[in-house]
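Worksheet: the structure to be examined is printed underneath.
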Amino acid sequence: MRIANWALAILLFAPLGLASAQQQEDSLAAASRRVQEEKKSQPKAAKVWDNDNLPTGNINVVGQTPPAGEAAAPAAAENAPSISPEERASIEEDLKSAKAKLESLKTDLDILQRKFLLDSQTYYSKPNYAADREGGAAINAEKAQVDAKMDEVAAAQKEVDALQAKLQAASGSSSSTPAK
């Protein structure tokens, strides 16, 4: 009987408690909305930077720094003697052939790198690749070929750069810089 009395009391007073809780939630929601509206109307404070909130580490700089050669190029171009049209044509022809050689070397390097990659994947995919001495020697030989071709490409690129700088200095203006 006692349990039934308690159950009846709970059933009678539960709706009153729920209504009270609902009113409280509504008033909390309204208060929260009021605070949010007040925050929106207030002006935002300016960010104050001090040593505590400054980022540390690398500093990013906007723009690019010019290479060391470009800063001195205009001064050198003003002092450079003008060259004859025949010499200019000769330099342009040398530059054209150097660029063609560079492109050919880059193509050869690409082919060698692809072949080396495929052969090394085939070699290292074997379960007992360490026992294959001939395959290891072939991979090492291909790696040496790739390295030698990379050196040739670097030398050809230096030659093209030197000829372009010579042509730019001979022309006396930086507006006619040939594209690489």
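Readers should treat all values here as calculations from the given coordinates under stated rules, not as data from a laboratory. A quick note: this is a predicted structure, and the numbers were derived from the prediction, not measured. In this analysis, Cβ positions are derived from the backbone assuming ideal geometry, glycine residues included, and neighbour counts consider all displayed protein chains.
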Handout entry: Inter-label distance, nm, simple model (7 Å from Cα along the C-beta direction), Ser27/Tyr129
Key = 7.5
Handout entry: Within straight-line cross-link reach of Lys158, lysines at Cα separation under 17 Å, skipping those fewer than 8 residues along the same chain
Key = Lys96, Lys99, Lys101, Lys106, Lys149, Lys166, Lys180
Problem - Inter-site label distance for Thr107 and Asp119 at 7 Å from Cα along Cβ, in nm - result: 2.1
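Going by C-beta contacts inside 10 Å, put Val35, Val160 in order with the fewest on the left. Mind showing how you got there, number by number?
Numbers: Val35 10, Val160 21.
If I rank by nearby Cβ atoms, fewest first, I get Val35, Val160.
State the extension gain, in nm to one decimal, for the chain segment bounded by Asp147 and Asn53, taking 0.36 nm per residue of separation less the distance between their alpha-carbons.
Values: separation 94, 0.36 × 94 = 33.84 nm, distance 4.80 nm.
Full-extension gain reported as 29.0 nm.
Which whole-number percent gives the relative contact order of the range 83-176, counting Cα pairs below 8 Å spaced six or more residues apart? Walk me through the numbers before you get to the answer.
Values: 49 pairs, mean separation 44.2, N = 94.
Here the relative contact order equals 47 percent.
How do Leu54, Leu167 line up, fewest other C-beta atoms within 10 Å first? Could the numbers behind the result be given before it?
Values: Leu54 7, Leu167 18.
Taking fewest neighbouring Cβ atoms as first place, the list is Leu54, Leu167.
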